[in-house]
Amino acid sequence: MRTVRDVHSRTVRAPAETVGALLDRLGSDHDPLFPAPAWPPMRFDRPLGVGADGGHGFVRYRVGAYEPGRRIRFDFTGRSRGRHEVTVHPEGPDRCRVQHLLEAQHPLLRRLLWPVAIRSMHRAVVHELFDNIERAAAGRRIPPPRRSPWIRLLNRLAWDRARAVELPAAARLARRAFPHTDFEDAWQLDLRPGLPDDPEAWQGVLRGAPFPVVCRTDQELLLGEDARHLDFRASLLVADGTVTLGTVVRLHNTAGRLYFAVVRRVHPFMARTMLRRIHRRLALAAPTAAEREAAVRT
(Lines give C-alpha, C1' and ligand atoms only; values in the text may rest on other atoms or scores of the structure.)
Protein backbone atom coordinates (compact mmCIF):
# COMPACT_ATOMS: atom_id res chain seq x y z
CA MET A 1 0.00 0.00 0.00
CA ARG A 2 1.46 3.36 -1.01
CA THR A 3 2.41 5.74 1.82
CA VAL A 4 1.33 9.37 1.62
CA ARG A 5 3.88 11.77 3.08
CA ASP A 6 3.20 15.48 3.54
CA VAL A 7 5.46 17.91 5.46
CA HIS A 8 4.91 21.57 6.31
CA SER A 9 6.90 23.89 8.55
CA ARG A 10 6.99 27.54 9.53
CA THR A 11 9.45 29.67 11.44
CA VAL A 12 7.78 31.58 14.28
CA ARG A 13 9.37 34.59 15.94
CA ALA A 14 8.61 33.44 19.45
CA PRO A 15 10.42 31.25 22.00
CA ALA A 16 9.93 27.50 21.62
CA GLU A 17 8.61 27.40 25.20
CA THR A 18 5.83 29.85 24.31
CA VAL A 19 4.77 27.89 21.24
CA GLY A 20 5.04 24.57 23.09
CA ALA A 21 2.76 25.80 25.88
CA LEU A 22 0.13 26.64 23.26
CA LEU A 23 0.46 23.24 21.56
CA ASP A 24 -0.12 21.57 24.94
CA ARG A 25 -3.66 23.00 24.85
CA LEU A 26 -4.64 21.33 21.55
CA GLY A 27 -8.02 19.65 21.85
CA SER A 28 -8.93 21.41 25.11
CA ASP A 29 -12.05 23.47 25.72
CA HIS A 30 -9.97 26.62 25.23
CA ASP A 31 -7.74 25.47 22.39
CA PRO A 32 -6.04 28.63 21.03
CA LEU A 33 -4.66 27.04 17.86
CA PHE A 34 -6.87 24.58 16.00
CA PRO A 35 -8.80 26.49 13.28
CA ALA A 36 -12.32 25.95 14.58
CA PRO A 37 -15.12 26.80 13.98
CA ALA A 38 -14.26 27.10 10.27
CA TRP A 39 -13.12 23.45 10.45
CA PRO A 40 -14.31 20.69 12.81
CA PRO A 41 -12.59 21.06 16.20
CA MET A 42 -10.03 18.63 17.56
CA ARG A 43 -11.60 16.66 20.40
CA PHE A 44 -10.42 13.86 22.72
CA ASP A 45 -12.06 11.61 25.28
CA ARG A 46 -9.66 12.84 27.99
CA PRO A 47 -7.01 15.53 28.50
CA LEU A 48 -4.16 15.55 25.99
CA GLY A 49 -1.77 12.67 26.72
CA VAL A 50 -0.74 9.25 25.46
CA GLY A 51 -3.86 7.14 24.88
CA ALA A 52 -6.27 10.06 24.41
CA ASP A 53 -8.68 9.02 21.66
CA GLY A 54 -10.50 11.38 19.29
CA GLY A 55 -9.87 13.36 16.13
CA HIS A 56 -11.39 16.14 14.07
CA GLY A 57 -14.27 15.60 11.67
CA PHE A 58 -13.96 12.28 9.86
CA VAL A 59 -10.23 12.01 10.71
CA ARG A 60 -9.82 9.74 13.74
CA TYR A 61 -6.65 9.16 15.74
CA ARG A 62 -5.13 8.45 19.14
CA VAL A 63 -2.24 10.22 20.88
CA GLY A 64 0.67 7.81 20.47
CA ALA A 65 3.51 9.95 21.85
CA TYR A 66 3.59 13.17 23.81
CA GLU A 67 6.55 15.28 24.91
CA PRO A 68 4.98 18.35 26.58
CA GLY A 69 6.00 21.55 24.86
CA ARG A 70 7.93 19.74 22.12
CA ARG A 71 6.12 16.96 20.25
CA ILE A 72 2.71 15.36 19.83
CA ARG A 73 2.24 12.28 17.66
CA PHE A 74 -1.25 11.24 16.59
CA ASP A 75 -1.64 7.64 15.36
CA PHE A 76 -4.52 7.05 12.95
CA THR A 77 -7.23 4.65 14.02
CA GLY A 78 -9.83 2.89 11.93
CA ARG A 79 -8.91 1.77 8.42
CA SER A 80 -6.14 4.33 7.87
CA ARG A 81 -2.68 3.54 9.19
CA GLY A 82 0.11 5.94 9.94
CA ARG A 83 0.53 9.15 11.91
CA HIS A 84 0.63 12.88 11.90
CA GLU A 85 2.66 14.85 14.37
CA VAL A 86 3.52 18.39 15.38
CA THR A 87 6.99 19.24 16.65
CA VAL A 88 8.64 22.43 17.90
CA HIS A 89 12.33 22.96 17.12
CA PRO A 90 14.15 25.80 18.91
CA GLU A 91 16.19 28.07 16.63
CA GLY A 92 17.47 30.52 19.19
CA PRO A 93 16.08 32.31 22.25
CA ASP A 94 13.34 34.16 20.35
CA ARG A 95 12.41 31.95 17.42
CA CYS A 96 11.52 28.37 16.62
CA ARG A 97 10.36 26.19 13.77
CA VAL A 98 7.04 24.36 13.94
CA GLN A 99 6.69 21.29 11.74
CA HIS A 100 3.69 19.18 10.83
CA LEU A 101 4.38 15.75 9.35
CA LEU A 102 1.81 13.35 7.93
CA GLU A 103 2.61 9.77 6.90
CA ALA A 104 -0.36 7.56 6.15
CA GLN A 105 -1.56 4.51 4.31
CA HIS A 106 -5.19 4.95 3.37
CA PRO A 107 -7.84 2.48 2.17
CA LEU A 108 -8.75 2.63 -1.52
CA LEU A 109 -11.43 5.33 -1.36
CA ARG A 110 -9.33 7.76 0.69
CA ARG A 111 -6.32 6.98 -1.48
CA LEU A 112 -8.34 8.08 -4.50
CA LEU A 113 -9.70 11.15 -2.72
CA TRP A 114 -6.32 12.27 -1.33
CA PRO A 115 -5.01 14.07 -4.45
CA VAL A 116 -8.48 15.34 -5.40
CA ALA A 117 -9.83 16.69 -2.13
CA ILE A 118 -8.35 15.48 1.16
CA ARG A 119 -4.85 16.87 0.55
CA SER A 120 -6.24 20.33 -0.18
CA MET A 121 -8.32 20.39 3.00
CA HIS A 122 -5.45 18.97 5.06
CA ARG A 123 -3.05 21.67 3.88
CA ALA A 124 -5.62 24.41 4.49
CA VAL A 125 -6.11 23.25 8.08
CA VAL A 126 -2.35 23.01 8.72
CA HIS A 127 -1.62 26.49 7.38
CA GLU A 128 -4.51 28.00 9.34
CA LEU A 129 -3.13 26.25 12.43
CA PHE A 130 0.26 27.84 11.73
CA ASP A 131 -1.43 31.24 11.34
CA ASN A 132 -2.98 30.84 14.78
CA ILE A 133 0.41 29.93 16.26
CA GLU A 134 1.85 33.15 14.89
CA ARG A 135 -1.11 35.19 16.13
CA ALA A 136 -1.08 33.67 19.62
CA ALA A 137 2.67 33.26 20.20
CA ALA A 138 4.18 36.17 18.27
CA GLY A 139 1.25 38.60 18.31
CA ARG A 140 1.35 38.94 14.52
CA ARG A 141 -1.60 40.55 12.77
CA ILE A 142 -2.40 37.98 10.13
CA PRO A 143 -5.45 38.60 7.91
CA PRO A 144 -8.17 35.94 7.69
CA PRO A 145 -7.32 33.04 5.36
CA ARG A 146 -8.05 33.55 1.70
CA ARG A 147 -9.52 30.18 0.79
CA SER A 148 -9.66 29.27 -2.87
CA PRO A 149 -13.02 28.52 -4.51
CA TRP A 150 -12.08 24.83 -4.44
CA ILE A 151 -11.35 24.89 -0.71
CA ARG A 152 -14.61 26.77 -0.05
CA LEU A 153 -16.51 24.14 -2.03
CA LEU A 154 -14.85 21.27 -0.16
CA ASN A 155 -15.53 23.00 3.13
CA ARG A 156 -19.19 23.36 2.21
CA LEU A 157 -19.54 19.74 1.08
CA ALA A 158 -17.86 18.40 4.22
CA TRP A 159 -19.88 20.56 6.61
CA ASP A 160 -21.79 18.87 9.44
CA ARG A 161 -25.26 17.53 8.61
CA ALA A 162 -28.11 18.37 10.98
CA ARG A 163 -29.52 15.35 12.80
CA ALA A 164 -33.15 14.71 13.69
CA VAL A 165 -33.86 14.77 17.45
CA GLU A 166 -36.84 14.96 19.74
CA LEU A 167 -37.86 18.52 20.58
CA PRO A 168 -35.63 19.15 23.64
CA ALA A 169 -37.21 19.55 27.06
CA ALA A 170 -35.23 22.80 27.34
CA ALA A 171 -37.23 24.25 24.42
CA ARG A 172 -39.89 25.41 26.87
CA LEU A 173 -41.20 28.25 24.73
CA ALA A 174 -41.93 25.88 21.85
CA ARG A 175 -43.44 23.24 24.12
CA ARG A 176 -45.80 25.78 25.68
CA ALA A 177 -46.64 27.63 22.47
CA PHE A 178 -50.00 25.91 21.93
CA PRO A 179 -52.43 23.94 24.11
CA HIS A 180 -51.90 21.10 21.66
CA THR A 181 -49.80 20.61 18.53
CA ASP A 182 -50.52 18.72 15.33
CA PHE A 183 -46.90 18.55 14.24
CA GLU A 184 -43.47 18.98 15.79
CA ASP A 185 -39.90 18.18 14.85
CA ALA A 186 -36.37 19.32 15.66
CA TRP A 187 -32.98 19.38 13.93
CA GLN A 188 -29.71 19.80 15.78
CA LEU A 189 -26.02 20.58 15.23
CA ASP A 190 -23.12 20.70 17.65
CA LEU A 191 -21.99 24.15 18.70
CA ARG A 192 -18.40 24.40 17.52
CA PRO A 193 -15.94 26.47 19.59
CA GLY A 194 -16.28 30.14 18.69
CA LEU A 195 -19.90 29.97 17.56
CA PRO A 196 -22.25 32.36 19.39
CA ASP A 197 -24.30 31.00 22.29
CA ASP A 198 -26.84 33.83 22.08
CA PRO A 199 -29.96 32.62 20.22
CA GLU A 200 -30.43 36.14 18.80
CA ALA A 201 -27.37 35.54 16.62
CA TRP A 202 -29.12 32.57 14.98
CA GLN A 203 -32.28 34.48 14.04
CA GLY A 204 -31.21 34.61 10.38
CA VAL A 205 -31.84 30.87 10.07
CA LEU A 206 -35.19 31.70 8.46
CA ARG A 207 -33.64 33.98 5.87
CA GLY A 208 -36.17 34.77 3.17
CA ALA A 209 -39.03 34.22 5.63
CA PRO A 210 -38.50 36.83 8.39
CA PHE A 211 -41.08 35.73 10.96
CA PRO A 212 -41.54 38.04 13.94
CA VAL A 213 -40.12 37.15 17.37
CA VAL A 214 -42.92 35.95 19.64
CA CYS A 215 -40.90 35.63 22.85
CA ARG A 216 -37.41 34.82 24.09
CA THR A 217 -35.28 33.60 26.97
CA ASP A 218 -31.52 33.53 27.46
CA GLN A 219 -31.35 30.20 25.64
CA GLU A 220 -34.33 30.17 23.30
CA LEU A 221 -35.81 32.42 20.66
CA LEU A 222 -39.34 31.73 19.45
CA LEU A 223 -40.51 33.05 16.09
CA GLY A 224 -43.82 32.49 14.42
CA GLU A 225 -47.03 33.61 12.84
CA ASP A 226 -50.73 32.87 13.19
CA ALA A 227 -53.04 32.47 10.21
CA ARG A 228 -56.59 31.31 9.54
CA HIS A 229 -55.49 27.85 8.42
CA LEU A 230 -52.60 27.18 10.89
CA ASP A 231 -50.33 28.62 13.57
CA PHE A 232 -46.59 28.13 13.23
CA ARG A 233 -43.67 28.52 15.67
CA ALA A 234 -39.94 28.06 15.09
CA SER A 235 -37.72 27.63 18.13
CA LEU A 236 -33.99 28.39 18.15
CA LEU A 237 -32.46 26.79 21.24
CA VAL A 238 -28.76 27.16 22.09
CA ALA A 239 -28.01 24.91 25.06
CA ASP A 240 -25.82 21.99 26.18
CA GLY A 241 -23.26 22.54 23.43
CA THR A 242 -25.80 22.33 20.61
CA VAL A 243 -28.06 24.54 18.52
CA THR A 244 -31.53 23.17 17.75
CA LEU A 245 -34.13 24.36 15.27
CA GLY A 246 -37.52 23.12 16.38
CA THR A 247 -40.92 23.51 14.72
CA VAL A 248 -44.41 23.23 16.19
CA VAL A 249 -47.61 23.62 14.19
CA ARG A 250 -51.29 23.84 15.12
CA LEU A 251 -53.82 23.23 12.34
CA HIS A 252 -57.22 24.94 12.32
CA ASN A 253 -59.27 23.55 9.46
CA THR A 254 -59.34 21.50 6.28
CA ALA A 255 -57.43 24.16 4.37
CA GLY A 256 -54.66 23.99 6.95
CA ARG A 257 -54.49 20.22 6.80
CA LEU A 258 -54.34 20.21 2.99
CA TYR A 259 -51.72 22.96 2.95
CA PHE A 260 -49.54 21.29 5.55
CA ALA A 261 -49.84 17.88 3.89
CA VAL A 262 -47.83 19.39 1.05
CA VAL A 263 -45.48 21.51 3.17
CA ARG A 264 -44.48 18.70 5.52
CA ARG A 265 -42.96 16.78 2.60
CA VAL A 266 -40.35 19.48 1.99
CA HIS A 267 -40.13 20.84 5.53
CA PRO A 268 -37.43 18.43 6.83
CA PHE A 269 -35.15 19.22 3.91
CA MET A 270 -35.70 22.97 4.28
CA ALA A 271 -35.23 22.94 8.07
CA ARG A 272 -31.96 21.04 8.11
CA THR A 273 -30.66 23.01 5.10
CA MET A 274 -31.41 26.37 6.75
CA LEU A 275 -29.82 25.32 10.04
CA ARG A 276 -26.71 23.98 8.30
CA ARG A 277 -26.40 27.14 6.20
CA ILE A 278 -26.44 29.57 9.12
CA HIS A 279 -24.21 27.25 11.17
CA ARG A 280 -21.56 27.51 8.44
CA ARG A 281 -22.10 31.23 7.82
CA LEU A 282 -21.61 32.10 11.48
CA ALA A 283 -18.59 29.78 11.74
CA LEU A 284 -16.80 31.36 8.79
CA ALA A 285 -17.45 34.84 10.20
CA ALA A 286 -16.31 33.98 13.75
CA PRO A 287 -12.99 35.18 15.21
CA THR A 288 -10.09 32.74 14.95
CA ALA A 289 -9.07 30.63 17.93
CA ALA A 290 -6.05 32.89 18.51
CA GLU A 291 -8.21 36.02 18.35
CA ARG A 292 -10.58 34.54 20.91
CA GLU A 293 -7.58 33.74 23.12
CA ALA A 294 -6.36 37.34 22.85
CA ALA A 295 -9.82 38.67 23.73
CA VAL A 296 -9.89 36.53 26.89
CA ARG A 297 -6.48 37.82 27.94
CA THR A 298 -7.56 41.45 27.58
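The values are calculated or read from the model by the stated rules, or taken from the named source; none is laboratory data. Keep in mind that what you see is a predicted model, and the values were worked out from it rather than measured. Glycine gets a Cβ as well: all are built from the backbone with ideal geometry, and neighbour counts include every protein chain shown. When the accessible area is computed, the model is the full protein with side chains, heavy atoms only, and any ligands, DNA or RNA have been set aside. Shrake-Rupley method; radii C 1.70, N 1.55, O 1.52, S 1.80 Å.
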Fill in the blank from the handout: Reported set for region 97-116 where residues are aliphatic (A, V, I, L, M), surrounded by 17 or more Cβ atoms within 10 Å (Cβ to Cβ) and modelled with pLDDT of 95 or more is VAL98, LEU102
Practice task
Could you please let me know if PRO37 is in contact with an Asp or Glu (Cβ under 7 Å, 6 or more places away or on another chain), touching a residue at least 40 places away in the same chain (Cβ under 8 Å), open to solvent by less than 10 Å² (accessible area, probe 1.4 Å) and closer than 29 Å to ARG152 by Cβ?
Solution key: no
Problem - Residue match in region 250-266 (condition: under 27 Å from ALA169 (Cβ atoms), open to solvent by 50 Å² or more (accessible area, probe 1.4 Å), part of a helix (DSSP H, G or I) and not small (Gly, Ala, Ser)) - result: yes
Exercise for the section: For TYR61, indicate whether it is in contact with a Lys or Arg (Cβ under 9 Å, 6 or more places away or on another chain) and either over 20 Å from ARG119 (Cα atoms) or part of a loop (DSSP other than H, G, I, E, B) (or both). Expected result: no
Exercise for the section: Among the residues of region 188-244, write down those that are hydrophobic (A, V, I, L, M, F, W, C) and open to solvent by 30 Å² or more (accessible area, probe 1.4 Å). Expected result: LEU191, ALA201, ALA209, PHE211, VAL213, VAL214, CYS215, ALA227, PHE232
Fill in the blank from the handout: Of (1) out of contact with any strand residue (DSSP E or B) (no Cβ under 7 Å at 6 or more places or on another chain); (2) closer than 21 Å to ARG265 by Cβ; (3) among the basic types (Lys, Arg); (4) free of Cβ contacts under 8 Å to residues at least 60 places away in the same chain, ARG163 fails just (1)
